[in-house]
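The structure appears right after this line, and notes come after that.
The values are calculated or read from the model by the stated rules, or taken from the named source; none is laboratory data. Keep in mind that this is a model prediction, so the values were computed, not measured. Quick reminder, even Gly has a Cβ in these numbers, built from the backbone with ideal geometry, and neighbours come from all protein chains shown. Quick note on the areas: whole protein, heavy atoms, side chains included, nothing else; ligands and nucleic acids left out. Shrake-Rupley method; radii C 1.70, N 1.55, O 1.52, S 1.80 Å.
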Amino acid sequence: MTAPMEPLYAPQGVEERWQRAWDEEGLFRARADAPGDPYVIAVPPPNVTGALHMGHALNGTIQDVLVRWHRMRGFNTLWQPGYDHAGIATQNVVEKELAKQGKTRHDLGREAFVERVWEWLEEYGKVIIGQFRSLGASLDYERERFTKDEGYSRAVLAFLVRLHQRGWLYRDSRIVNWCPRCATAISDLEVVHEHVVDNLTSIRYPLADGSGSVTIATVRVPTILADVAVAVNPDDPRYGALVGRTAIVPIANREVPIIADPRVEIEFGTGALKITPGHDPLDFEIGREHGLPELTVIGFDGLMSDEAGALAGRSQEDADREIVRQLEEQGLLAAREPYEHAVGLCERCGTRIEPLISLQWFCDMEDLARPAIEVVEQGRVRFHPAQQGEVYLHWMRNIRPWCVSRQLWWGHRIPVWYCDCGEAIVSVDRPASCGACGASELRQDEDVLDTWFSSALWPFATLGWPDDTADLRRFYPGHVNSTAREIIFLWVARMIMSGLELVGDVPFEDVIIHSTVLAPDGRRMSKSLGTGIDPLEVIAAHGADATRYGLCKISSTQDVRFSYGAIEEGRKLANKLWNVSRLILSYAGDAAPDLRPQALEERWIVSRLASAQRELETGLAAYDFAEVARLLYHLTFDDVCDWYAEAVKPRLREGDADALATSLGVLERLLTLLHPVMPHVTEEIWSNLPGRGGRLIVADWPTLDEGSVDECAEAVLARVQELATLYRRSGALPALDDLDPDAQRILRTVLRLDRPAKDGKERGPDAAALEKERARLDKEIARAEAMLANERFVSRAPAELVQAERDKLDRFRRERDALR
RNA sequence: GGGCGUAUAGCUCAGCGGGAGAGCACCCGCCUCACACGCGGGGGGUCGCUGGUUCAAAUCCAGCUACGCCCACCA
């Protein structure tokens with residue numbers, strides 16, 4: 001014992017001390033040559049610029065509970081930590097720093113800017129894994145990896161080369177989501193949608209032969225300058241005669257064909273759609289299929305471009321006003337009304353996305369997706385909860401090409417070299433010369449890869465892939481990936497695809513999609529809303545164990561409100577555990593722990609521990625951490641403290657050898673079961689156990705045999721508990737003659753029947769309480785009798801159910817009689 | 001527009017085919033030699049609404065309402 005155990009458990013100091021000790025003793029370390037079956041989880045690499053938030057805390061807790069449980073069961077556990085370089089996010093952070101000095105990245109130039117990012121990371125980045133420590137996360141901190149580490153970077157480039165070899169990679173000018181502020185393309189998954197109110201403007205396009213006009217509707221008036229066609233649905237009876245004729249785009253005065261395309265919605269607007277391949281994804285597709293020109297009037301800065309003529313350099317809002325004014329003058333404005341619709345925003349900076357045509361690298365995904373669909377269909381990869389697997393499958397079955405290039409400076413530079421002769425060489429290392437013309441003047445592609453392109457390799461690039469390392473052979477495939485719902489597609493799907501393609505096996509078997517933690521009022525936790533709760537502050541105030549318990553407790557549903565009540569419950573559990581340990585240790589001191597029970601309360605608690613363990617293991621295996629928390633709470637409070645400890649106390653005082661040994665055994669077992677959820681307080685108490693060497697973190701998890709549950713003892717105790725409640729409620733104690741002597745002793749002990757009453761305040765039978773109890777029993781008896789009188793129930797319900805009802809009726813009648 | 005989820009005690013949630021539960025809050029009684037951050041007892045609920053299936057529905061099915069999330073090329 002390091003210090004006398006105070007009645008109030010204070011996690012502060014204790015937790016930090018154990019975090020340091022476990023680490024220094026190397027208990028988190030995983031070695032390829034260590035014994036035991038491997039159990040592997042890779043922590044979702046947080047952004048290098050990030051700080052621990054509640055989602056990380058929940059996810060870290062879930063993973064740590066699993067990892068600690070498996071470690072105790074003798075698995076060779078590897079919980080791999082690390083960081084994601086987070087290309088666009090990190091670049092934005094450093095650009096903001098520069099902006100404070102009035103500079104842009106272009107003032108520094110590419111090399112100096114990237115150098116600046118590294119410096120920034122050195123000073124301010126990479127703090128979050130350290131914050132995981134305060135949660136008690138038993139990560140192998142020595143294995144910290146970064147997606148921009150040298151070895152990891154080579155893996156990323158090797159992935160791209162492989163895709164090229166497979167023929168899935170291609171470069172093309174296509175329409176992409178362009179963020180004018182970040183000045184880069186982003187993937188569909190990095191676009192967030194927000195509802196806004198714009199104007200829906202209906203514009204008359206005169207027919208070239210002067211025979212009338214066709215009216216289109218748009219929310220983006222300025223883009224009419226880049227219109228190249230008007231499309232109608234071929235099945236639209238209103239427009240059948242127009243197809244093949246020519247319309248004139250107002251302002252631009254351009255003659256464009258009227259074409260038919262089934263993707264035009266007959267119901268929407270006027271049923272006629274202006275086609276602008278340069279500024280709309282659907283129009284782009286229609287344009288390519290109909291061989292239409294691709295005009296542009298908006299530039300990469302989001303402003304009207306030179307092609308917009310007189311409006312060049314103006315904002316789209318200005319252009320909108322100006323064009324509407326002119327249309328009105330010309331009598332071509334048919335209608336203009338407010339219209340609510342969804343617009344795409346950049347996930348990182350909130351800027352409105354411009355669909356623009358640009359030259360990018362794309363990867364066709366169908367062949368990558370096919371095996372990744374199969375492994376989920378076949379159950380080789382399972383989602384928890386299972387419905388999330390359907391979400392995954394739906395997306396995978398409709399997968400679209402992935403735009404992997406980004407016009408950023410911070411990231412993995414695309415390993416493609418261009419020669420003036422037109423040759424493009426895809427290679428991990430810079431080629432010495434052009435294979436086609438022999439020239440040595442090669443230019444590397446300026447762009448970098450999507451940050452998710454590198455995260456996709458996390459489960460095996462961290463183990464040394466593409467090299468055939470001992471780690472890779474030992475620790476791949478892994479077992480569990482626990483993550484947030486919003487990155488199923490961005491990350492989980494791509495890991496499964498890359499693992500199957502590059503290593504030939506799934507990266508993990510179970511995908512846990514954990515809850516989204518909402519603020520206590522049900523709103524999203526966010527800094528800007530002021531609804532965020534910092535887990536570090538919660539840990540500092542209530543302790544890591546309490547926080548872990550609380551997070552487990554609330555982790556059951558898809559969305560869950562953060563609750564201080566759940567944390568508080570965890571704190572009370574830690575305190576309760578601490579105090580019952582003080583009780584047992586103060587008596588049992590140097591006894592040798594034993595779990596071969598003699599007396600009834602011992603047989604009972606040993607049985608309870610076993611059945612609770614069984615339920616606990618079921619809960620853990622099903623990733624039902626809320627159930628795990630519930631079980632541990634009731635096991636500790638109700639079973640161990642309120643009943644076992646109360647019952648055994650007099651025997652402990654008397655120095656009964658069996659009681660001393662068993663109570664220590666019970667305590668040890670309880671600490672073992674609690675350790676995965678509450679590692680610090682349990683380790684602290686464990687270290688106070690006399691003559692107990694070693695650490696709880698690596699202690700043996702008990703194995704259960706067939707006879708570990710004593711149903712008889714549990715039944716007798718249940719009867720004792722009922723009688724005690726009846727007495728406490730009514731002051732009346734039924735005859736005990738039919739009770740086991742041990743049971744009578746326990747009842748007398750917990751009810752303190754052998755103690756003299758104070759101040760003559762002897763509590764006699766309470767007539768009202770007794771009457772109430774009688775009424776309750778009468779009701780139960782009537783209900784059971786009615787059921788058994790129901791012939792359909794007796795004949796159709798399962799026999800054991802009918803028997804159970806008979807047993808209940810007997811018991812109720814017995815108790816009713818006892819109350820007379 | 002498609003998909004998913006949630007509606008049970010004042011609050012946060014469990015239960016998911018046979019006696020309405022937990023924690024917190026509330027009321028009453030206890031400083032009982034582990035813990036007053038504790039112990040014991042108690043009050044409080046047409047289990048969102050409407051139908052259906054069943055001997056039996058909080059629990060299964062259908063529809064409705066409200067809220068939340070994800071996906072989506074209706075301009």
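How about segment A:120-139: which of its residues are over 22 Å from the mean Cα position of the chain (by Cα) and without any contact (Cβ under 8 Å) to a residue 40 or more places away in the chain?
Those that are over 22 Å from the mean Cα position of the chain (by Cα) and without any contact (Cβ under 8 Å) to a residue 40 or more places away in the chain: A:W120, A:E122, A:E123.
Quick check on segment A:208-227: of everything there that is part of a strand (DSSP E or B) and among the polar types (S, T, N, Q), which residue is farthest from RNA strand B (Cβ to nearest atom)?
Within segment A:208-227, the match that is farthest from RNA strand B (Cβ to nearest atom) is A:S213.
Could you check segment A:698-725 and list, in sequence order, the residues that are of a type in the set (D, E, K, R) and either at pLDDT below 85 or farther than 22 Å from A:M72 by Cα (or both)?
A:D705, A:E706, A:D710, A:E711, A:E714, A:R719, A:E722 - these are the residues of segment A:698-725 that are of a type in the set (D, E, K, R) and either at pLDDT below 85 or farther than 22 Å from A:M72 by Cα (or both).
Just to verify a result, which residue in segment A:263-295, among those that are closer than 21 Å to A:V343 by Cα, open to solvent by 50 Å² or more (accessible area, probe 1.4 Å) and among the charged types (D, E, K, R), is nearest to RNA strand B (Cβ to nearest atom)?
Filtering segment A:263-295 for residues that are closer than 21 Å to A:V343 by Cα, open to solvent by 50 Å² or more (accessible area, probe 1.4 Å) and among the charged types (D, E, K, R), the one nearest to RNA strand B (Cβ to nearest atom) comes out as A:E265.
Consider segment A:228-260. How many of its residues are assigned to a loop (DSSP other than H, G, I, E, B), under 22 Å from A:L200 (Cα atoms) and within 13 Å of RNA strand B (Cβ to nearest atom)?
4
When you go through A:D656, A:D705, A:D642, A:D638 one by one, which is the residue that is out of contact with any helix residue (DSSP H, G or I) (no Cβ under 8 Å at 6 or more places or on another chain) and closer than 20 Å to A:G550 by Cβ?
Testing whether each residue is out of contact with any helix residue (DSSP H, G or I) (no Cβ under 8 Å at 6 or more places or on another chain) and closer than 20 Å to A:G550 by Cβ leaves just A:D638.
Within segment A:420-467, can you find the residues that are β-branched (V, I, T) and outside any loop (DSSP other than H, G, I, E, B)?
Scanning segment A:420-467 gives A:I425, A:V426, A:V448, A:T451.
For segment A:363-419, how many residues meet the condition of being of a type in the set (A, V, I, L, M), more than 23 Å from A:S515 (Cβ to Cβ) and within 12 Å of RNA strand B (Cβ to nearest atom)?
Final tally of qualifying residues: 2.
Can you tell me how many residues within segment A:53-102 are of a type outside the set (G, A, S), open to solvent by 10 Å² or more (accessible area, probe 1.4 Å) and assigned to a loop (DSSP other than H, G, I, E, B)?
Looking only at that region, the number is 4.
Here's a check for you: in segment A:485-499, which residue that is more than 9 Å from RNA strand B (Cβ to nearest atom) and not aromatic (F, W, Y) is surrounded by the fewest Cβ atoms within 10 Å (Cβ to Cβ)?
Among residues in segment A:485-499 that are more than 9 Å from RNA strand B (Cβ to nearest atom) and not aromatic (F, W, Y), the one surrounded by the fewest Cβ atoms within 10 Å (Cβ to Cβ) is A:R494.
If we keep just the residues of segment A:372-419 that are assigned to a strand (DSSP E or B) and more than 30 Å from A:E446 (Cβ to Cβ), which is least open to solvent (accessible area, probe 1.4 Å)?
That would be A:F383.
Condition test on A:D642, is it near RNA strand B (Cβ under 8 Å from one of its atoms) and without any contact (Cβ under 8 Å) to a residue 40 or more places away in the chain?
yes
For the structure I just gave you, tell me whether A:I298 is open to solvent by less than 60 Å² (accessible area, probe 1.4 Å), away from RNA strand B (no atom under 12 Å from the Cβ) and under 40 Å from the mean Cα position of the chain (by Cα).
Judged against the criteria, A:I298 is a match.
Of all residues in segment A:658-672 being of a type in the set (A, V, I, L, M) and either surrounded by fewer than 24 Cβ atoms within 10 Å (Cβ to Cβ) or within 13 Å of RNA strand B (Cβ to nearest atom) (or both), which is farthest from A:P702 (Cα to Cα)?
Here the residue is A:L660.
With the structure loaded, tell me whether A:R745 is basic (K, R), in contact with a helix residue (DSSP H, G or I) (Cβ under 9 Å, 6 or more places away or on another chain), more than 16 Å from RNA strand B (Cβ to nearest atom) and more than 30 Å from A:G13 (Cα to Cα) or whether it fails that test.
Answer is yes for this residue.
If I ask for residues that are open to solvent by 10 Å² or more (accessible area, probe 1.4 Å) and either closer than 16 Å to A:H514 by Cα or assigned to a strand (DSSP E or B) (or both), which ones from segment A:26-44 would you list?
A:P38, A:Y39, A:V40, A:A42, A:P44, listed by residue number.
Tell me which helices (runs of 4 or more DSSP H) are completely within segment A:488-555 and hold 3 or more residues being farther than 30 Å from A:Y9 by Cα, or say none if there are none.
In segment A:488-555, A:494-498 are the helices (runs of 4 or more DSSP H) which contain 3 or more residues that are farther than 30 Å from A:Y9 by Cα.
Give, as residue ranges, the strands (runs of 3 or more DSSP E) completely inside segment A:118-207 that count at least 1 residues that are surrounded by fewer than 19 Cβ atoms within 10 Å (Cβ to Cβ).
A:169-179, A:191-206
A:Y339 is checked against (1) within 16 Å of A:V219 (Cα to Cα); (2) in a loop (DSSP other than H, G, I, E, B) and fails just one. What number does that condition carry?
A:Y339 satisfies every listed condition except (2).
Residue by residue through segment A:3-22, note down the ones that are within 16 Å of RNA strand B (Cβ to nearest atom), free of Cβ contacts under 8 Å to residues at least 24 places away in the same chain and in a helix (DSSP H, G or I).
Residue satisfying the conditions is A:G13 alone.
Only one of (1) at pLDDT 90 or above; (2) within 48 Å of the chain's Cα centre (by Cα) fails for A:R776. Which number is that?
Unmet for A:R776, out of (1) at pLDDT 90 or above; (2) within 48 Å of the chain's Cα centre (by Cα): (1).
Residue-wise test of (1) touching a residue at least 60 places away in the same chain (Cβ under 8 Å); (2) farther than 24 Å from A:Y633 by Cβ; (3) outside any helix (DSSP H, G or I).
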| residue | (1), (2), (3) |
| --- | --- |
| A:T682 | yes, no, no |
| A:W701 | yes, no, yes |
| A:V720 | no, no, no |
| A:L736 | no, yes, yes |
| A:L739 | no, yes, yes |
| A:L753 | no, yes, yes |
| A:R776 | no, yes, no |
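Here's a check for you: in segment A:523-572, which residue that is crowded, with 20+ Cβ neighbours inside 10 Å and of a type in the set (G, A, S) is farthest from RNA strand B (Cβ to nearest atom)?
Per the stated criteria, the residue is A:A544.
Kindly indicate which of A:R728, A:R755 is open to solvent by 50 Å² or more (accessible area, probe 1.4 Å) and modelled with pLDDT of 85 or more.
A:R728
How many residues are over 36 Å from the mean Cα position of the chain (by Cα) and among the polar types (S, T, N, Q) when one looks only at segment A:327-352?
The total comes to 1.
Scan segment A:306-317 for residues that are assigned to a helix (DSSP H, G or I) and open to solvent by 50 Å² or more (accessible area, probe 1.4 Å) and report the count.
Selection size over segment A:306-317: 4.
Among what's in segment A:778-820 and is assigned to a helix (DSSP H, G or I) and of a type in the set (G, A, S), pick the residue that is farthest from RNA strand B (Cβ to nearest atom).
Here the answer is A:A818.
Looking at A:R181, A:R145, A:R174, which is the one that is within 29 Å of A:R494 (Cβ to Cβ) and modelled with pLDDT under 90?
Answer to the check: A:R181.
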